[in-house]
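Working notes, beginning with the structure itself.
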Amino acid sequence: MAEHHLLTRVGLVRIAALLGLAVWGIVAAFATISPDPDARELMLANTSTLETLDLRPQASLLPAPATYAREETFSSGDTLARLLQRLGVSDADTRQLLRARALRLVRPGSTVDATVDASGGLINLSFLVGRDALVTVRREAGGFKVEQAAAPLSTRVAIKSGVIQSSLFGATDAAGVPDHVAMQLADIFGGDIDFYRDLRKGDRFAVIYEMHDLNGRPVRSGRVLAAEFVNQGKSYRALYYAGPDGRGGYYSPDGKNLRKAFLRAPLEFSRISSGFGMRLHPFLNTWKQHRGIDYAAPSGTRVRAAGDGVVRFAGRERGYGNVVILQHWGPYSTVYGHLRGFAPGIRRGTRVTQGEVIGYVGQTGWATGPHLHYEFRIAGVARNPLTIAMPSAQPVATRDLPAFRRYAASLSARLDLIAGTNLALLE
Ligand SMILES: [Zn+2]
């Protein structure tokens with residue numbers, strides 16, 4: 001110990017000499033002057049071993065804070081009494097608060113902020129309810145006052161990227177991307193990429209999206225502003241753009257609309273079903289043998305209309321089991337077989353829009369496990385949709401193109417930046 005002190009002092013002397021300071025003046029001096037930062041760090045490291053030089057203020061000398069702010073999460077199985085206790089609320093106030101109807105709005109997963117005084121008296125408490133409403137409980141003369149108002153959310157832009165290992169959700173989880181954003185990605189690129197069958201290990205994405213915060217804490221994600229998806233080596237880019245009429249959509253950087261007349265996969269993409277596409281499913285038949293595409297998916301997965309159209313048939317038909325046939329514009333029709341059941345209101349003559357739920361995956365008819373049998377027909381003949389170029393929705397209007405290009409250039413530059421970082425990580 002003595003030897004250690006000696007070494008330390010020698011070190012101090014040497015550094016002090018370098019700085020031209022008297023050894024015993026150092027402690028007072030280094031707090032006020034700013035010597036070379038490296039040397040200063042050295043000094044701090046050395047002085048910390050000298051027990052006599054305790055720079056920490058005495059706890060008893062600090063003034064006691066008048067209020068304490070805390071945040072706690074209400075978990076399932078939790079009780080309001082326990083939550084209030086963790087927040088430091090006194091027993092007397094807890095009893096009174098438990099009688100307030102407002103507190104019953106706290107849901108598992110909610111974060112509750114509270115400020116209490118030194119003796120546990122509640123000053124105020126707040127938590128979010130529903131979509132972006134903030135409930136505030138405040139102490140007022142004679143009791144507590146409850147208010148509900150729109151939460152003062154702030155919006156920032158979040159930028160994330162990831163590489164697919166086993167599923168889209170696996171990759172978005174690893175990158176800290178909210179589910180709501182992952183599902184938007186699947187929707188945005190759903191005209192070009194079949195997220196059930198086309199995804200491969202090594203595919204990657206970069207996404208720029210809005211994030212809404214309350215007091216610096218993320219509350220929920222908002223809209224995707226721009227994204228890139230690289231699928232089997234082919235890059236797709238999407239930029240959100242609202243024209244002068246205020247109607248927004250996703251466009252490629254050259255102004256083409258990403259919305260296609262038909263979805264590539266007529267299934268709702270969800271956390272539960274996302275892993276299935278990556279597996280080799282047991283119903284793999286060649287196109288020649290069976291004139292349709294089979295999607296292995298958990299029973300109950302929502303089946304969506306591939307395009308706008310009218311229901312021509314919804315009922316039972318031999319090998320198809322429960323089947324929906326949609327008639328689209330021109331010569332196109334689509335067939336959805338082996339359904340467990342139909343969505344409410346789906347019957348002959350019902351008009352449906354692209355993406356609308358028409359039924360649920362099942363295994364009715366000649367099926368050995370739950371899957372969707374999907375056919376794309378042209379003039380009544382089943383065709384392979386993968387080989388047919390699909391028309392897109394309207395591109396950006398010519399008169400709006402200059403404004404769109406300026407906007408697209410700035411977002412594309414940001415995507416380049418993230419995509420570049422990604423590549424560097426992979427190398
Ligand atoms: Zn089939």
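The values are calculated or read from the model by the stated rules, or taken from the named source; none is laboratory data. This structure is a prediction, so every number in the text was calculated from the model and none was measured. Positions of Cβ are backbone-derived with ideal geometry, glycine not excepted, and every protein chain shown enters the neighbour counts. Ligands, DNA and RNA are excluded from the accessible area calculation, which covers all protein heavy atoms including side chains. Shrake-Rupley method; radii C 1.70, N 1.55, O 1.52, S 1.80 Å.
Any idea which of A389, A397, A393, A314 is touching a strand residue (DSSP E or B) at 6+ places or on another chain (Cβ under 8 Å), closer than 30 Å to D245 by Cα and away from the ligand (no atom under 14 Å from the Cβ)?
Within the list A389, A397, A393, A314, the selection yields A393.
Restricting to segment 305-348, and then to whatever is farther than 23 Å from N384 by Cα and open to solvent by less than 30 Å² (accessible area, probe 1.4 Å), can you tell me which residue is farthest from the chain's Cα centre (by Cα)?
That would be G315.
For segment 401-412, check the following and say yes or no: at least one residue is open to solvent by less than 50 Å² (accessible area, probe 1.4 Å) and under 16 Å from A297 (Cβ atoms). Checking segment 401-412: not a single residue is open to solvent by less than 50 Å² (accessible area, probe 1.4 Å) and under 16 Å from A297 (Cβ atoms).
For segment 150-171, the count of residues that are of a type in the set (A, V, I, L, M, F, W, C), closer than 17 Å to R271 by Cα and without any contact (Cβ under 8 Å) to a residue 40 or more places away in the chain is at least one. When each of S235, S161 is tested for being outside the structural domain of I293 (by TED's automatic domain parsing), surrounded by 13 or more Cβ atoms within 10 Å (Cβ to Cβ), among the polar types (S, T, N, Q) and more than 24 Å from F74 (Cα to Cα), the lone residue that passes is S161.
Considering only residues that are open to solvent by less than 30 Å² (accessible area, probe 1.4 Å) and assigned to a strand (DSSP E or B), look in segment 367-382 and name the one that is nearest to the ligand (Cβ to nearest atom).
This residue is H373.
Beta carbons closer than 6 Å, at least 6 apart along the sequence or on distinct chains, pair a first residue in segment 125-143 that is at positive phi with a second that is open to solvent by less than 20 Å² (accessible area, probe 1.4 Å) for D132/A151.
The residues of segment 78-89 that are touching a residue at least 12 places away in the same chain (Cβ under 8 Å) and open to solvent by less than 80 Å² (accessible area, probe 1.4 Å), listed by number, are D78, L80, A81, L83, L84, L87, G88, V89.
Put simply, of I358, I346 the only residue that is touching a Gly at 6+ places or on another chain (Cβ under 8 Å) and more than 16 Å from the ligand (Cβ to nearest atom) is I346. Taking each residue of segment 363-383 that is closer than 19 Å to Y332 by Cα and looking for partners that are within 10 Å of the ligand (Cβ to nearest atom) and open to solvent by 30 Å² or more (accessible area, probe 1.4 Å) with beta-carbon atoms closer than 6 Å, six or more apart or interchain, yields A382/R291. Counting only strands (runs of 3 or more DSSP E) that sit wholly inside segment 231-300, not one has at least 3 residues that are away from the ligand (no atom under 16 Å from the Cβ), modelled with pLDDT of 90 or more and farther than 15 Å from F189 by Cα. Can you find a residue in segment 349-366 that is open to solvent by 10 Å² or more (accessible area, probe 1.4 Å), aliphatic (A, V, I, L, M) and outside any strand (DSSP E or B)? Checked segment 349-366: no residue is open to solvent by 10 Å² or more (accessible area, probe 1.4 Å), aliphatic (A, V, I, L, M) and outside any strand (DSSP E or B).
When segment 187-217 is filtered for residues that are part of a helix (DSSP H, G or I) and either among the aliphatic types (A, V, I, L, M) or closer than 28 Å to T111 by Cα (or both), only I188 remains.
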